[in-house]
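Engineer: The structure's right below; bear with me while I get my questions together.
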Amino acid sequence: SQQGEEDPQALSIQEGENATMNCSYKTSINNLQWYRQNSGRGLVHLILIRSNEREKHSGRLRVTLDTSKKSSSLLITASRAADTASYFCASRGSNYKLTFGKGTLLTVNP
Amino acid sequence: KAGVTQTPRYLIKTRGQQVTLSCSPISGHRSVSWYQQTPGQGLQFLFEYFSETQRNKGNFPGRFSGRQFSNSRSEMNVSTLELGDSALYLCASSLTTGGYNEQFFGPGTRLTVL
């Protein structure tokens, strides 16, 4: 079964708005990573947050991690049409595997 | 620095055949992982190779196998293809094993089984 589950499954917003995606996982993790995938292509790594970190920023991206709730969130600020993609969280657990959730499909309307 | 390359990009096979997919990691990366992506099951981990050794394996039947060469290039093989094997197969490389670092993905090989 999937380690991570993203919420919502789909999100549609207007350009300039912020987009927030959530991810929950089941077991303890070493790190959690977020990836973006454009329409059936390869994934692009966005950000990695380690289990001892609570928040991380990269450009317009902000990721938070709450290990007590086994959850993470990805915030994209001032979204652009080019941000339209599927976003996946992936957790690295004690089994050394990187396990992906099913993703959130983000559509940013111009 | 060149990215992860996968060949071929597209494949059409028939049930019962076998297929070999190839992945060349980023120069200096020693870990290669393989994933299967389908609309129904999402991204599922197949296996990971590091220094020519399989370090981790997902829950796939023995028809799915792989190997890694001394130059870190990797191949995966699927024998006795089934319709359900139709998927996008993604390869990813990273500096070290164990999911400690970010993974760099190739564009994938789209396999269609008829």
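Engineer: From the phi angles alone, apply the Karplus equation (6.51, -1.76, 1.60; θ = phi - 60°) to the range B:66-74 and give each ³J(HN,Hα) in whole Hz, x where the residue is Gly or Pro.
Structural biologist: x, 7, 10, 9, 5, 8, 6, 4, 10
Engineer: Sort A:GLU55, A:GLU6 by heavy-atom solvent-accessible area, probe 1.4 angstrom, most to least.
Structural biologist: A:GLU55, A:GLU6
Engineer: For chain B, what Kirkwood radius comes out of the mean inverse Cα-Cα distance, in Å?
Structural biologist: After inverting the pairwise mean of 1/r, the radius is 13.9 Å.
Engineer: Below 8 Å, C-alpha to C-alpha, sequence gap of six or more: please give me the relative contact order for the range A:5-109 in percent.
Structural biologist: 38
Engineer: Another question about this same structure. Counting only heavy atoms of the protein chains, get the accessible area per residue of chain B (1.4 Å probe) and round it to a whole Å² value.
Structural biologist: Per residue, chain B has 46 Å² of solvent-accessible surface.
Engineer: Follow-up question, since we're still on this one. Determine the shielding of peptide A:40-51 by partner chains: average, over its residues, the number of Cβ atoms on other chains within 10 angstrom of each Cβ.
Structural biologist: Taking all residues of A:40-51 together, the mean is 4.
Engineer: Additional query: Kindly provide the GluC sites (Glu not before Pro) of the range B:1-84 that DSSP labels as loop, not H, G, I, E or B, and whose Cβ sees at most 16 other Cβ atoms within 10 Å.
Structural biologist: Taking the range B:1-84 and a limit of 16 other Cβ atoms within 10 Å, the loop GluC sites (Glu not before Pro) found are B:GLU52, B:GLU82.
Engineer: With a 1.4 Å probe and every protein chain left in place, tell me how much accessible area B:LEU114 has, in Å² to the nearest 10.
Structural biologist: 110
Engineer: Determine the shielding of peptide B:24-37 by partner chains: average, over its residues, the number of Cβ atoms on other chains within 10 angstrom of each Cβ.
Structural biologist: 1
Engineer: Moving on. Where the convex hull is taken over the Cα atoms of the range A:5-109, what is its projected area averaged over directions, in nm²?
Structural biologist: Convex hull of Cα atoms, orientation-averaged projection: 6.0 nm².
Engineer: Same structure again: For the range A:37-50, what does the Karplus curve 6.51 cos²θ - 1.76 cosθ + 1.60, with θ = phi - 60°, yield as ³J(HN,Hα) per residue in whole Hz, taken in order and with x for Gly and Pro?
Structural biologist: 9, 8, 5, x, 9, x, 8, 10, 6, 9, 6, 10, 10, 8
Engineer: Can you give the Rg to Rh ratio of the protein assembly as shown, both from alpha-carbon atoms, with Rh computed by the Kirkwood formula?
Structural biologist: Rg/Rh: 0.97.
Engineer: With a probe of 1.4 Å, find how much accessible area the range A:5-109 has per residue, and write the answer as a whole number in Å².
Structural biologist: Averaged over the residues of the range A:5-109, the accessible area is 46 Å².
Engineer: Only bridges with both residues in chain B count here: give the DSSP antiparallel percent, nearest 5.
Structural biologist: 90
Engineer: Got a number for carbon plus sulfur as a percent of the range A:1-91's accessible area, 1.4 Å probe?
Structural biologist: 43
The values are calculated or read from the model by the stated rules, or taken from the named source; none is laboratory data. Source: prediction; values computed, not measured. Note: ideal-geometry Cβ built from the backbone for every residue, glycine included; neighbour counts use all protein chains shown. Surface areas here come from the heavy atoms of the whole protein model, side chains and all, with no ligands, DNA or RNA. Shrake-Rupley method; radii C 1.70, N 1.55, O 1.52, S 1.80 Å.
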